[in-house]
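S.K.: Here it is, the structure in full.
The values are calculated or read from the model by the stated rules, or taken from the named source; none is laboratory data. These numbers come from a predicted model, not from an experiment. Don't worry about glycine lacking a Cβ; one is built from the backbone with ideal geometry, like all the others, and counts go over all protein chains shown.
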Amino acid sequence: MTSQERIRMARRAAGMSQSQLARLVGVQRSAVSHWEAPEGKHPSVSHLREVALATGTQFEWLATGRGSMGLSREEQLDSIATAEALLVEDPQELRLVAAFRDAPLRARLSLLDVLEELAAQRTGHHRARRGAARGNGG
């Protein structure tokens, strides 16, 4: 099943028109139509998250086809938190993540130490150093 078919199935299972779903997601009806078309466009991850929330559909199923379509109430709450944790929309956070991923492993470990120390200074919550656990004895 294609992502376009999953979006259509989720919308129909929720008893919504394309216009209703568009309104809930914050897009034009034509966007939903494009997402559902056989050779249609794919929604952004944030729009896909909104579709999952609006239709009560499991985000992973909607995005990949894995898992079940529907959610229990507990799964709904967990999937919302997970989706929001995975979505990085802040431009500075995106830059930070990209730079971290591009850095060599040794630099990543140093960057992590620096960021944790800065966060600890800001919040007053000091964490135990993990250098020994990584094998650098620090």
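S.K.: Considering only segment 27-41, state which residues are at pLDDT below 90 and under 19 Å from the mean Cα position of the chain (by Cα).
M.R.: Residue satisfying the conditions is 41 alone.
S.K.: Applying the selection to segment 8-21, what residues are out of contact with any Ser or Thr (no Cβ under 8 Å at 6 or more places or on another chain) and either modelled with pLDDT of 95 or more or surrounded by fewer than 16 Cβ atoms within 10 Å (Cβ to Cβ) (or both)?
M.R.: 12, 15, 17, 19, 20, listed by residue number.
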